[in-house]
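Notes follow the structure.
The values are calculated or read from the model by the stated rules, or taken from the named source; none is laboratory data. Keep in mind that what you see is a predicted model, and the values were worked out from it rather than measured. Here Cβ is always computed from backbone atoms with ideal geometry, including for glycine, and neighbour counts include all displayed protein chains. Surface areas here come from the heavy atoms of the whole protein model, side chains and all, with no ligands, DNA or RNA. Shrake-Rupley method; radii C 1.70, N 1.55, O 1.52, S 1.80 Å.
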Amino acid sequence: MRRAAGALAAALLLTGCSTGPSLETQGEVTAPPGDSHHLTIGSAGFTESDLLAQMYSQLLERAGYDTSLLTVANRELYEPALESGQIDVVPEYAATFADWLNAKTNGADAPPVGSPDLDATMKALRKLATPRGLTVLDPGRAVDQNAFAVSASYAREHRLRTLSDLGASGLEVRLAAGDECVQRPYCEPGLKKTYGIDVTGVDPKGVGTTQAKRAVQSGQDQMVLTTTTDATLDDFGLVLLADDKHLQNADYVVPVVNRSRAGAEGVTRALGALNDVLTTADLASMNQQVDSWRRLASDVARNYLEDKGLLK
């Protein structure tokens, strides 16, 4: 039976960050993997995270576990709660979480460990997660990376399918993005260095916001920074340009579990069922059903799992 975790959330996170594993014994987590009957599934509070948490919850209940859902939008809160066992499972993104744990462990100025190489990113992530009592399960095919979109008419006019095409075109590009884009290696500097794109300026309208998309739709800007699972591109007449030289980091969806409570084979097997079916396009479609069609995340998740034969 799934139970909503509501009023107790604040107290839970305020009181329980002291019981996690000590980092004084880096790499020496020896407790056996746990198999708690009741598991709390965490969500970061945005549509895609809610959908993933719902799918995790429903798959685990199908496997015989009792689950509850807890939304904690701030990683600075939910990651310590995951270490302490107040949250047992969360959906994460490999490269982003690796860099976050790296900064937490080695300082904000530590060189990033996330990269476009999934194997290297997973190796670094697991090395950082294990001393904290966390187990990172295998990634599947779904990835939510930064991505760049142009208007469909602009792409047709200039015969653009990839970022390399845009670089080779010599076109001047004004980019709608967050203001940090001017410094982030995956954004303006990477577009220039990796693809030779002539970025003439960054219009600070945010990442994938309605305002940013409208600026590209109207021709005020030529390209927008968004994500690979953006569900609303069609609404604005926009299309993604393929990251054919792999500028973006390997932000594949990965379940992260508290090893002492949810590290048993039953959890791994239940959540691993998604790996063979869930794709980036599937996530984008489900995001659209929630964001544009106003369907409940729980219903969208259940229908998807039933359609794929993972629920009966």
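Karplus couplings for the range 74-81 from phi (6.51 cos²θ - 1.76 cosθ + 1.60, θ = phi - 60°), rounded to Hz, Gly and Pro as x?
Values, residue by residue: 9, 4, 4, 9, 6, 5, x, 5 Hz.
With the Cα gyration tensor of the chain in hand, give its eigenvalues times 5 under a square root as the equivalent ellipsoid semi-axes, listed largest first in whole angstrom.
Taking √(5λ) for each eigenvalue gives 36, 23, 17 Å, largest first.
Which shape class applies to the range 70-189: rounded if a/c is under 1.5, otherwise prolate when a/b exceeds b/c and oblate if not, where a ≥ b ≥ c are the square roots of the Cα gyration tensor eigenvalues? Please list the in-between numbers first.
On the way: a/c = 2.38, a/b = 2.25, b/c = 1.06.
In terms of gyration-tensor shape, prolate.
Amide H of ALA264 versus every other amide H placed in the peptide plane: which residues, excluding those fewer than 5 positions away on the same chain, fall under 5 Å?
GLY34
Where both partners of a DSSP beta bridge lie in the range 118-233, what percent of those bridges are antiparallel, to the nearest 5?
On the way: 4 of 12 bridges.
If we restrict to bridges inside the range 118-233, about 35 percent are antiparallel.
Which far-off residues, 5 or more places away or on another chain, put their amide H under 5 Å from the one on SER43, with H placed in the peptide plane?
LEU70, THR71, VAL72
Please calculate how many Å² of accessible area the chain carries per residue, with a 1.4 Å probe and no DNA, RNA or ligand atoms counted. Before the final figure, lay out each step's value.
Details: 14440 Å² over 312 residues.
Roughly 46 Å² per residue, with all protein chains present.
Give a residue-ordered list of calculated ³J(HN,Hα) values for the range 39-45 (Karplus: 6.51 cos²θ - 1.76 cosθ + 1.60, θ = phi - 60°; whole Hz; x for Gly, Pro).
10, 9, 9, x, 10, 7, x
As a test of reading the structure, rank ARG294, ARG132 by solvent-accessible area (1.4 Å probe, protein chains only), most first. Intermediate values should be presented prior to the final figure.
Working: ARG294 185, ARG132 10 Å².
Of ARG294, ARG132, the descending order of accessible area is ARG294, ARG132.
What is the diffusion coefficient of the range 159-312 in µm²/s, taking the Kirkwood radius over Cα pairs and the Stokes-Einstein relation at 10 °C with a viscosity of 1.306 mPa s? Don't skip to the end; give the middle numbers.
Details: Rh = 17.8 Å.
Here the translational diffusion coefficient equals 89 µm²/s.
Given q = 0.24, 0.25 Å⁻¹, what are the Debye log10 I(q)/I(0) values for the range 34-120, with equal point scatterers placed on the Cα positions and solvent ignored?
One equal scatterer on each Cα of the range 34-120 leads to -1.16, -1.19.
What is the distance in Å between the Cα centroid of the range 235-263 and that of the range 55-78?
19
Calculate the FRET efficiency for SER218 and GLU180 from the Cβ-Cβ distance with a Förster distance of 25 Å, rounded to the nearest 0.05. Mind showing how you got there, number by number?
Values: r = 24 Å, r/R0 = 0.95.
Given R0 = 25 Å and the Cβ-Cβ separation, E is 0.60.
Please pull out the direction-averaged projected area of the range 138-212, using the convex hull of its alpha-carbon atoms, in nm² to one decimal place. Walk me through the intermediate numbers first.
Numbers: hull surface 24.2 nm².
Its Cα hull, projected and averaged over all orientations, spans 6.0 nm².
Quick check on packing: order 153-165, 96-108, 75-87 by the mean number of other C-beta atoms within 10 Å, highest mean leading. Show your work: numbers first, answer last.
Details: 153-165: 15.7, 96-108: 17.8, 75-87: 21.4.
Descending packing order for the listed peptides: 75-87, 96-108, 153-165.
How big is D, in µm² s⁻¹, for the range 109-164 by Stokes-Einstein at 20 °C and 1.002 mPa s if Rh is the Kirkwood radius over C-alpha pairs?
146
For THR229, list long-range residues whose amide hydrogen, built 1.01 Å from N in the peptide plane, is under 5 Å from its own amide hydrogen.
The answer is GLN145.
Share of antiparallel DSSP beta bridges in the chain, in percent to the nearest 5? Spell out each step's value before the answer.
On the way: 17 of 35 bridges.
So the antiparallel bridges in the chain amount to around 50 percent.
Please compute, for the alpha-carbon atoms of the range 229-312, the extent along each of the three principal axes and give them in descending order in Å.
46, 34, 20
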